[in-house]
Amino acid sequence: MATTDSGTDSGTGSAANTAADATDTTDGVEEAVRAELGALRDSIDNIDAAVVHMLAERFKCTQRVGQLKADHALPPADPAREARQIARLRQLAESAKLDPAFAEKLLTFIIAEVIRHHETIARS
């Protein structure tokens, strides 16, 4: 069963090992609650895996964009498109009942990484 570990590592061993060594915080909790908690955590783990795979696919596309930009001497960043994407994502977040500020922070982080990749491609 998964733990409340966020998947981060304290620097000693892997996240999986750290989680395995953690104390079970569900001792003394009804079996039905433990089972539901386990099922929900399994779903969260699956969603996390899907998010990672979707990000990998996104970055494959942005790598191709970076190559096209480099091949045609276009700048790594496109502030107008970035602003449109942020506005679009904020609207999507609102529709999905997700905090738009959180969605914006996430996309801003991703965009910064994409631009860094584009700059690296342009230098090569």
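The values are calculated or read from the model by the stated rules, or taken from the named source; none is laboratory data. Remember, predicted model here, so these are calculated numbers, not experimental data. We place every Cβ from the backbone using ideal geometry, glycine too, and count neighbours over all the protein chains shown. Side chains are part of the model used for accessible areas, which takes the heavy atoms of the whole protein and leaves out ligands, DNA and RNA. Shrake-Rupley method; radii C 1.70, N 1.55, O 1.52, S 1.80 Å.
Could we say that residue 73 is part of a loop (DSSP other than H, G, I, E, B) and either on the phi < 0 side of the Ramachandran plot or modelled with pLDDT of 95 or more (or both) here?
Details: part of a loop (DSSP other than H, G, I, E, B): yes; either on the phi < 0 side of the Ramachandran plot or modelled with pLDDT of 95 or more (or both): yes.
Considered against the rule, which asks whether it is part of a loop (DSSP other than H, G, I, E, B) and either on the phi < 0 side of the Ramachandran plot or modelled with pLDDT of 95 or more (or both), residue 73 comes out as yes.
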Residue 43 hydroxyl-bearing (Ser, Thr, Tyr), in a helix (DSSP H, G or I) and either modelled with pLDDT under 60 or closer than 28 Å to residue 106 by Cβ (or both): yes
Does residue 38 meet the test of being without any contact (Cβ under 8 Å) to a residue 40 or more places away in the chain, surrounded by 12 or more Cβ atoms within 10 Å (Cβ to Cβ) and either more than 23 Å from residue 103 (Cα to Cα) or among the polar types (S, T, N, Q) (or both)? yes
Which ones in region 70-124 are in contact (Cβ under 8 Å) with a residue 40 or more places away in the chain, open to solvent by 70 Å² or more (accessible area, probe 1.4 Å) and either under 16 Å from residue 59 (Cβ atoms) or under 15 Å from the mean Cα position of the chain (by Cα) (or both)? 119
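Whether any residue in region 21-32 is among the aliphatic types (A, V, I, L, M) and at pLDDT 95 or above is what I want to check.
To start, the set of residues in region 21-32 that are among the aliphatic types (A, V, I, L, M) comprises 22, 29, 32.
Subsequent filtering for residues that are at pLDDT 95 or above retains none.
No: zero hits.
Do we find that residue 53 is modelled with pLDDT of 95 or more and surrounded by 11 or more Cβ atoms within 10 Å (Cβ to Cβ) in this structure? It would help to see each step written out before you state the result.
Numbers: modelled with pLDDT of 95 or more: yes; surrounded by 11 or more Cβ atoms within 10 Å (Cβ to Cβ): no.
Considered against the rule, which asks whether it is modelled with pLDDT of 95 or more and surrounded by 11 or more Cβ atoms within 10 Å (Cβ to Cβ), residue 53 comes out as no.
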